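The next block holds one structure in the form of structure tokens; read it before the comments.
The values are calculated or read from the model by the stated rules, or taken from the named source; none is laboratory data. Quick caveat, the model's predicted, so the values are computed rather than measured. All Cβ positions, glycine included, derive from the backbone under ideal geometry; neighbour counts span all protein chains shown.
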Amino acid sequence: MGDLLIRGGTVVTMNASRELLSDGAVAVVDGLIAAVGGFADLAARYPAAEVIGTPESLVTPGYINAHQHLTGDRLIHSCIPDAIDSQVAIFAWAVPVHAAHTGDDDELSATLGAVEALSNGVTCTVEAGTVAHPARVAAALHRVGMRATLGQWGWDIADAPFAAPADEVVDRQRELIGLLPRGGLVEAWVTLVGHDLMSDDLVVRASELARTSGVGMTFHLSPHSGDAVSYLARTGRRPFVHLDDLGVLGEHVLVAHAVHLDDDEVEVVLRTRTAVVSCPWAYLRLAQGVTTAGRHGELFLRGGRLAIGCDAENAGDAVDVLRAAALFVGLERDRAGDAFSITAHHALELLTIRGAEAIGKADVIGSLEVGKQADVVVHDTRGPQWLPMSTDPILQLVWASDGRSVSDVVVAGRHVVSGGRCISVDIDSLRRQALQRRDHLLAVRNI
Ligand SMILES: [Zn+2]
């Protein structure tokens, strides 16, 4: 891997002082950021480096998508009708399709999802959990060149599809951590489905495993009001209060959703420093009540750890975190009746440095600073949405643009998107296979 110079008319560092450099560059050596400064200076210091970007480029840190399903939905992308009940969507669509996935399907699915994500500037994905073939998902991510955490789903509730005893679920998680240890491009996280699909015994042991292994833990909770109803019936307490009493929550935990929280639960999330990932398109697509019940803006403004996600290809559909972050800001401003507190600049923070903090990786990614991993996005600002270029390019990036203006992406120093196309795999060669597998999986669910 040769040295790189990633050049931009504007370089958005997201360092502590949120410095923007004019006619700047990022020098990359051995996959790490070696220098950030003026282009002319760095070009003199690194004369042999390959130059990516132009004076018309806007350079940012790579974006973090903190909740993304890489298997199950991708091969039936946008096929689950949006006019059916969510229980029908899960049990008549998601479960049979997931059950029919082969290892090849999981690898193909993750490949397609990662290519779309990279093309939109996502350089780090927290995978939401796969059912059967996590090693194949990891293989796809390595090949495409996506930084990621991933896990094998497990749940131990009687009569649930794919359920297994807690022992077996925890052993599987431990095995995957052994296979994909912390610090690699793709690393294992303890990953449960969540909701009310985990016994107290399982969630306590899973959290303990994450703590002792030094990895993160993620699961779904309270995207709708149903989880609170189940927990109140089973435990007499609301979900976050119950999990706090069990000692499960903490800095190692990233909860997907946490939309329906009461005041006590908001305090629990803030006190335990538990991170939350907001997936606003999914809440709107599935009518989950975020516009009335959501507390994410409040968590963010009170210093909570928050990140943005795109969820699944039938609940948000597009793997473009810029769209999701703009929507998050818009929803929170409207819901709070406050057009000033949460801004486009906050949106970019959530996709970069604050997102990195939420997933426990702010020491290695999230900003363009010397010594960090070279995860870098280049936007081409010659497109019509950038005309004329704003005096505040971050405002324009969030409100006027999206992933379509991404021209180049570098992950850990590897150039994986060039001219707006993923160059690590040939997506065209996968097109026919993706359609064949889609038809096969749709036929399986109709049998
Ligand atoms: Zn999810």
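For this structure, a couple of remarks:
- Looking only at segment 334-354, and only at residues there that are modelled with pLDDT under 95 and assigned to a helix (DSSP H, G or I), the one that is surrounded by the fewest Cβ atoms within 10 Å (Cβ to Cβ): Asp334
- Test set (1) buried (at least 21 other Cβ atoms within 10 Å of the Cβ); (2) closer than 15 Å to Arg295 by Cα - Asp264 fails condition number: (1)
- For segment 74-92, a residue qualifies if it is surrounded by 16 or more Cβ atoms within 10 Å (Cβ to Cβ) and closer than 27 Å to Ile427 by Cα, and the qualifying residues are Arg74, Leu75, Ile76, His77, Ile80.
- Residue tally, condition surrounded by fewer than 24 Cβ atoms within 10 Å (Cβ to Cβ) and within 16 Å of the ligand (Cβ to nearest atom), over segment 130-144: 1
- Among the numbered conditions (1) more than 24 Å from the chain's Cα centre (by Cα); (2) under 21 Å from Gln68 (Cα atoms), the only one that Ala164 does not meet is (2).
- For segment 362-388, the tally of residues that are assigned to a loop (DSSP other than H, G, I, E, B) and without any contact (Cβ under 8 Å) to a residue 60 or more places away in the chain stands at 6.
- Residue count, segment 21-76 (criterion: within 16 Å of the ligand (Cβ to nearest atom), part of a strand (DSSP E or B) and not hydrophobic (A, V, I, L, M, F, W, C)): 3
- Residue match in segment 209-217 (condition: surrounded by fewer than 16 Cβ atoms within 10 Å (Cβ to Cβ), among the β-branched types (Val, Ile, Thr), modelled with pLDDT of 95 or more and within 29 Å of Thr292 (Cα to Cα)): no
- Scanning segment 384-437 for residues that are at pLDDT below 95 and among the small types (Gly, Ala, Ser) yields a single hit, Ser429.
- Residues of segment 28-80 that turn out to be among the charged types (D, E, K, R) and in the same structural domain as Leu185 (by TED's automatic domain parsing), as a count: 2
- Residues satisfying the stated conditions in segment 198-218, i.e. within 16 Å of the ligand (Cβ to nearest atom) and farther than 27 Å from Met146 by Cβ: Met198
- On inspection, Leu270 fails the criterion of being at pLDDT 95 or above and farther than 20 Å from Arg238 by Cβ.
Here is a yes/no grid of residues against (1) touching a Pro at 6+ places or on another chain (Cβ under 9 Å); (2) closer than 28 Å to Ala275 by Cα:
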residue: Ala358; (1), (2): no, yes
residue: Lys372; (1), (2): yes, yes
residue: Val377; (1), (2): yes, yes
residue: Thr391; (1), (2): no, no
residue: Gly419; (1), (2): no, no
residue: Ser424; (1), (2): no, no
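- Look at (1) farther than 25 Å from Ala324 by Cβ; (2) outside any loop (DSSP other than H, G, I, E, B) and you find that Ala140 fails only one, number (1).
- Counted residues, segment 1-25 - those being within 16 Å of Ala35 (Cβ to Cβ), surrounded by fewer than 16 Cβ atoms within 10 Å (Cβ to Cβ) and among the hydroxyl-bearing types (Ser, Thr, Tyr): 0
- For segment 389-398, the set of residues classified as surrounded by 17 or more Cβ atoms within 10 Å (Cβ to Cβ) and either touching a residue at least 40 places away in the same chain (Cβ under 8 Å) or over 17 Å from Val11 (Cβ atoms) (or both) consists of Pro393, Ile394, Leu397, Val398, listed by residue number.
- Index of the failed condition, Cys79 passing every other in (1) over 25 Å from Glu369 (Cβ atoms); (2) away from the ligand (no atom under 16 Å from the Cβ); (3) touching a helix residue (DSSP H, G or I) at 6+ places or on another chain (Cβ under 6 Å): (3)
- Tally, over segment 7-20, of residues that are of a type in the set (Lys, Arg) and in a strand (DSSP E or B): 1
- Scanning segment 93-115 for any residue that is surrounded by fewer than 20 Cβ atoms within 10 Å (Cβ to Cβ), part of a helix (DSSP H, G or I) and hydroxyl-bearing (Ser, Thr, Tyr) turns up nothing.
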